[in-house]
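J.: What follows is a structure written as structure tokens; I'll ask about it next.
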Amino acid sequence: MKKNKVVLIPGDGIGPEITEATKKVISAAGADIDWLEKKAGIAAIKEGKDVLPEDTLEAIEHYKIALKGPCTTPVGKGFRSINVQLRKKLDLYAAVRPVRNFPEIKSRFDNVDLVIVRENTEGLYSGVENEITPGVVMSMKVATRVACTRIARWSFRYATIRNRKKITVFHKANIMKLTDGLFIECAKEIHETEYPNIEYEEVIIDAGCMKLVQDPSQFDILLLENLYGDVVSDLCAGLVGGLGVVPGANIGEKQSVFEAVHGSAPDIADQNTANPLALIMSAVMMLNHISKSKNDEYKMAANKIKQGYNQALSDGKKTRDLGGELGTDEFAQAIIERLNG
Ligand code: NAI
């Protein structure tokens with residue numbers, strides 16, 4: 001069987017540690033992947049390259065799949081987020097982030113099973129910011145019918161394929177009548193004309209957040225524009241044990257980039273303490289995505305890894321963010337030792 005080539009972006013902060021751990025787990029699970037390592041973010045700047053080098057972009061365009069560690073973005077100054085640039089340049093318009101409880105991870109709820117779908121290319125992330133005059137600045141929120149419709153259609157199709165029952169849009173169309181108004185108008189139209197059998201509801205986001213922390217089981221798929229999706233993803237991570245356990249994928253028509261929801265966690269970088277699980281789970285999503293049949297090596301490796309980390313957690317093997325004592329490498333090793341049951 002022909003090896004799949006996957007672009008690997010180690011990223012910044014904890015990125016290199018967790019991508020290394022993830023690579024080891026994937027290899028031990030028997031998925032034969034030819035990794036093509038490319039730099040982005042601070043790591044690229046340190047090598048004298050652009051923050052998002054052309055060869056990194058070209059590699060993803062060519063090979064279609066990437067596994068990415070988090071990249072640092074300076075606050076309030078400096079270069080534009082490479083994460084945002086990458087999503088925009090490759091038109092990775094759907095960020096999908098499953099959020100589920102692990103029975104072995106203590107959290108406030110034991111019945112969370114949500115999927116967050118975030119529109120990844122528009123909203124306030126368009127990067128159109130201006131200083132009108134000193135002391136007066138503005139940021140433009142952009143919504144287009146094309147992008148609002150395609151993310152809505154993607155969500156309903158995903159719901160159908162995954163046998164999900166309900167889509168809830170969080171919005172603020174009472175205030176942003178045009179932009180958020182267009183977002184819900186498009187979602188409603190797709191529901192009514194193409195997917196009437198999937199339940200659909202609209203909830204104003206402030207009340208939605210309150211409902212989420214009171215009883216997350218009332219939601220199934222959450223569909224959000226870019227900024228709301230960013231914020232609500234971390235909120236939902238907090239419902240199931242934190243950022244160390246929520247994976248993600250950025251999906252486009254041509255390419256897909258798999259990455260955890262969390263950032264580069266500079267506060268714990270280079271200490272072998274970061275939890276690699278969210279990236280390992282993102283890699284499982286990637287293996288399922290590239291798998292072509294129910295029993296090819298990628299599907300089998302994905303299943304093995306899943307059962308490996310579930311077993312490791314039920315044996316009490318945890319990193320510090322989850323109340324355990326294992327380091328990044330030790331936790332990856334605990335998974336590797338449990339890949340075959
Ligand atoms: P963060 O997600 O990096 O960290 C928030 C908190 O969660 C920190 O206390 C951190 O130690 C902890 N944490 C995160 N991931 C963890 C893991 N795997 N294991 C254990 N603990 C973990 O968010 P923050 O601090 O707001 O951002 C740091 C940098 O990351 C910024 O430069 C930001 O722009 C960037 N970022 C990058 C993202 C990406 O590459 N997709 C996404 C989010 C933020």
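Values quoted throughout were computed directly from the atomic coordinates according to the rules given, and no laboratory measurement underlies them. No experiment lies behind these values; they were computed from the predicted model shown. With ideal geometry, Cβ positions are generated from the backbone for all residues, glycine too; neighbour counts draw on all protein chains shown.
J.: Suppose every K and R has +1 on its Cβ and every D and E has -1 on its Cβ; what is the size of the dipole of the chain about the Cα centre, in Debye to the nearest 20?
T.: That gives a dipole near 720 debye.
J.: In whole angstrom, note down how far apart the Cα centers of the range 177-191 and the range 90-122 are.
T.: 22
J.: Also: Could you grab the relative contact order for the chain? Cα pairs under 8 Å, six or more apart, rounded to a whole percent.
T.: Relative contact order here is 22 percent.
J.: Another question, then. Within a Cβ distance under 12 Å of Gly248, other residues only, what is the Lys/Arg minus Asp/Glu net charge?
T.: Net charge around Gly248: +1.
J.: What FRET efficiency do you get for Met300 and Lys254 if R0 is 22 Å and r is their Cβ-Cβ distance, rounded to the nearest 0.05?
T.: 0.25
J.: From the residues Ile18, Ser217, Ile305, which one has its Cα farthest along the dipole of the chain in the positive direction, the dipole being from +1 and -1 charges on Cβ of Lys/Arg and Asp/Glu about the Cα centre?
T.: Ile305
J.: Continuing with the same structure: Quote the FRET efficiency, to the nearest 0.05, computed for Ser126 versus Ser217 with a Förster distance R0 of 41 Å and r equal to the Cβ-Cβ distance. Please report the intermediate quantities before stating the final value.
T.: Working: r = 34 Å, r/R0 = 0.84.
Efficiency at R0 = 41 Å is approximately 0.75.
J.: What's the FRET efficiency of Glu199 with Asp270 using the Cβ-Cβ distance as r and R₀ = 35 Å, to the nearest 0.05?
T.: 0.15
J.: Using Cα pairs under 8 angstrom and six or more residues apart, how large is the relative contact order of the range 107-240, in percent?
T.: Dividing the mean separation by the residue count of the range 107-240 yields 39 percent.
J.: Also, I was wondering about something else. Output the lone cysteines of the chain: those with no second cysteine's C-beta under 4.7 Å from their C-beta.
T.: Cys71, Cys209, Cys236
J.: Further, regarding this structure: Please list, in order along the range 72-79, the HN-Hα scalar couplings obtained from phi with the Karplus expression 6.51 cos²θ - 1.76 cosθ + 1.60 (θ = phi - 60°), rounded to whole Hz, x for Gly and Pro.
T.: Calculated HN-Hα couplings, in order: 6, 10, x, 8, x, 7, x, 6 Hz.
J.: Starting from the amide H of Val169, placed 1.01 Å from N in the peptide plane, find each other amide H under 5 Å away whose residue is 5 or more places distant or on another chain.
T.: For Val169, the qualifying residues are Glu201, Glu202, Val203, Leu223.
J.: Among 191-199, 134-142, 10-18, how do they line up from the highest to the lowest mean number of other beta-carbon atoms within 10 Å?
T.: The peptides rank, most packed first, as 10-18, 191-199, 134-142.
J.: Give the whole-number value, in cubic angstrom per residue, of the convex hull volume spanned by the C-alpha atoms of the chain.
T.: 144
J.: Short version: ³J(HN,Hα) in whole Hz for each residue of the range 219-232, in order, from phi by Karplus 6.51 cos²θ - 1.76 cosθ + 1.60 (θ = phi - 60°), x for Gly and Pro, what are they?
T.: 10, 10, 9, 9, 10, 9, 6, 3, 5, 4, x, 4, 5, 5
J.: Using the basic label-point model (7 angstrom from Cα toward the beta carbon), what is the Ser27 to Glu185 distance in nanometres?
T.: Calculated label separation equals 5.4 nm.
J.: Here is a follow-up. Considering only Ala237, Phe109, Ile161, whose Cα is most displaced toward the positive end of the charge dipole of the range 107-240, charges sitting on Cβ of Lys, Arg (+1) and Asp, Glu (-1)?
T.: Ile161
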